[in-house]
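Every number in this text was worked out from the coordinates using simple rules, so none of it is lab data. This structure is a prediction, so every number in the text was calculated from the model and none was measured. Cβ sites come from the backbone with ideal geometry, for glycine too, and all protein chains shown count toward neighbours.
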Amino acid sequence: MLITIEYPEIEIPQVVTEIQQDAGKEYEGQAEEPKKPGEEAKIRYAGVPEGEVCKSCLEMPEEQRKTMILEIQQVGEDILRAHKVITELSDLLKGEWFLKLQKPGIEKKLVLAKYGEEIFIGFYTYSDEVPIPDPNLVLLSQNGFWYPQRIEEKFEETVSSFFTGAYGDYDFLNIFPENVEKFQVFQRDFAKKLENQGWNRPDAEILEKIMPKN
């Protein structure tokens, strides 16, 4: 199933962060009603009612913000702070940045990067100096929120959302709810793995670093 959202009429900061598909799953203290046959998947927006403009998460109290961002964003920000790519949250929006790390006993390199509006965070192996994602998560960055776009695994990828429009303009955001759900589970497990491996610790060697600029 594909859901298309018109852009910019609908603000991208309200784009899906979680597809509620399990009947009885609690959301904001209430159990979700089971969907009827043929009913479209419900989109959970970033903590705000659909149709309302959400303010930047950089302005929110930290405890509130943690309940609204993805686990992979929490871990990614922690790693970026630990290696001084960012010192405050507003640095996330200061242009492009890049961090490549290596850790003893782990063959793969960890890369965190921002190019344009896309965030990349994942492991890479190298064949003749050609980087191969194994795996890599790609997210859309808007107002300090990171949203699911795709999972890259070596020579395969699972697309959660993508833009379409004339002449490269962002007219419509297309969402695959079932793939967003897969992304949610995958990013949660991947974030836990990065946390357990301790990529924010001093023994993670910085191979390359590009600081964000205004």
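Numbers below:
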| quantity | calculated |
| --- | --- |
| Net charge contributed by nearby residues that have their C-beta within less than 11 Å of Trp146 (K/R +1, D/E -1) | -3 |
| Val180, Val85 arranged by Cβ crowding within 10 Å, fewest neighbours leading | Val85, Val180 |
| Proxy reagent accessibility, fewest Cβ within 10 Å first, across Phe155, Phe145, Phe98 | Phe155, Phe98, Phe145 |
| Fewest-first ranking of Glu195, Glu129, using other Cβ atoms within 10 Å as the exposure measure | Glu129, Glu195 |
| Gyration tensor (Cα) of segment 65-203, equivalent ellipsoid semi-axes in angstrom | 24, 18, 15 |
| Label-point separation in nm, Arg188 to Glu96, each point 7 Å along Cα→Cβ | 3.4 nm |
